[in-house]
Amino acid sequence: MQLGILISVCIYAVGGGIQEVLVSPIVEACPSKNKETQMSLLHSTYCWGYLSVVLLSTLFFATVGIENWRMLAVLWCTVPAIDLILFTQVPIAKLEANTEEHAGVKELFSQGIFWLMFIMMLCAGASEQAVSQWSSTLAEKGLGISKTLGDLLGPMLFAFCMAISRTIYGFKGHKINLRLFMGISTALCIAAYLIIVLVPVPVIALLGCGLVGFSVGIFWPGTFSTASAMVKGRGTLLFALLALAGDLGCSGGPPLVGTVASHFNDNLKSGMGAAIVFPVIMGAGLLILSLSRLPKNER
């Protein structure tokens, strides 16, 4: 059974990764004036979906019983099934087909701005998941609540705050400068990390987790939009490589927190203190963009 679960996790991870790579350039190719806001609104659906899965799954287990988890897995299969139907029916726009849009790996790798975007994307994923993946433990140990309640309270607060941030920019972003919004969010993220690490009151530290969720909301879609505007060759390959960078950050941030925490007698706050390096690097990347005079691609 364990091998079957492992195989299924690998399969749906590949499927989810492919969707991530495909949907972002599709939205980027849509003939809209405010692509940054549309990208933010797109990625807000991840947060709302996360909340829905946690709530509905918890309700299912509370009413039907956790021993029937296989039934729940079958029920959740309806979501990708609906996606399959929608992908066969909706019209899909393509990114503009000129020579610049078809840049290969070599051309992308030769651009310094690409590597800056790659590092920023990695830090975006790491800044997010370093807190998100440990928020349940922080809530459980800090507030002295059960693991079930900690799993609900920590990650759900984080996801809700991130959803609010992305939704606000999705609807109001046409009135807000993206670079400025990302800069303020980075400063807010660093402050939130410091609240988690330095404030001894568990409730305040947990609110700091929510504040991190709100502040990192723009990191991922904002970096996507910035890269699309500044990197030569903004085709599907660019989005795939940036998604890879983000996933590397998502997989690297939580282990860093856990490793550092284990070296300090399982002090989770010490691990969070180490992870603050990610929003700091993110801020440095934004500063480099502000000081540079790199031209933007025409959309």
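A few comments on the model shown:
- Those residues of segment 169-189 which are at pLDDT 90 or above, over 18 Å from LEU289 (Cα atoms) and crowded, with 19+ Cβ neighbours inside 10 Å, in sequence order: TYR169, GLY170, CYS189
- Residue match in segment 123-145 (condition: crowded, with 18+ Cβ neighbours inside 10 Å, among the β-branched types (Val, Ile, Thr), over 30 Å from ALA261 (Cα atoms) and touching a residue at least 40 places away in the same chain (Cβ under 8 Å)): no
- Count of segment 23-37 residues which are in contact with a helix residue (DSSP H, G or I) (Cβ under 8 Å, 6 or more places away or on another chain) and surrounded by fewer than 17 Cβ atoms within 10 Å (Cβ to Cβ): 4
- Of all residues making up segment 204-239, the number that are at pLDDT below 90, open to solvent by 30 Å² or more (accessible area, probe 1.4 Å) and not basic (Lys, Arg): 2
- Meets criteria (in a helix (DSSP H, G or I), in contact (Cβ under 8 Å) with a residue 24 or more places away in the chain and under 20 Å from LYS269 (Cβ atoms)) for ILE196: yes
- The number of residues in segment 13-56 that are among the polar types (S, T, N, Q) and modelled with pLDDT under 90 comes to 5.
- Which numbered condition GLY150 fails, given (1) within 26 Å of VAL21 (Cβ to Cβ); (2) small (Gly, Ala, Ser); (3) open to solvent by less than 30 Å² (accessible area, probe 1.4 Å): (1)
- The set of residues in segment 160-177 being free of Cβ contacts under 8 Å to residues at least 12 places away in the same chain and closer than 22 Å to VAL131 by Cβ consists of ILE168 alone.
- Residue pairs meeting the criteria (Cβ under 7 Å; at least 6 apart or on separate chains; first closer than 17 Å to SER24 by Cα and open to solvent by 20 Å² or more (accessible area, probe 1.4 Å), in segment 38-57; second among the β-branched types (Val, Ile, Thr) and at pLDDT below 90): GLN38/VAL27; LEU42/VAL23; LEU42/VAL27
The values are calculated or read from the model by the stated rules, or taken from the named source; none is laboratory data. All values derive from a computational prediction rather than experimental measurement. Because the Cβ atoms are built from the backbone with ideal geometry, glycine has one as well, and the counts that use them run over all protein chains shown. Note: areas computed on protein heavy atoms with side chains; ligands, DNA, RNA excluded. Shrake-Rupley method; radii C 1.70, N 1.55, O 1.52, S 1.80 Å.
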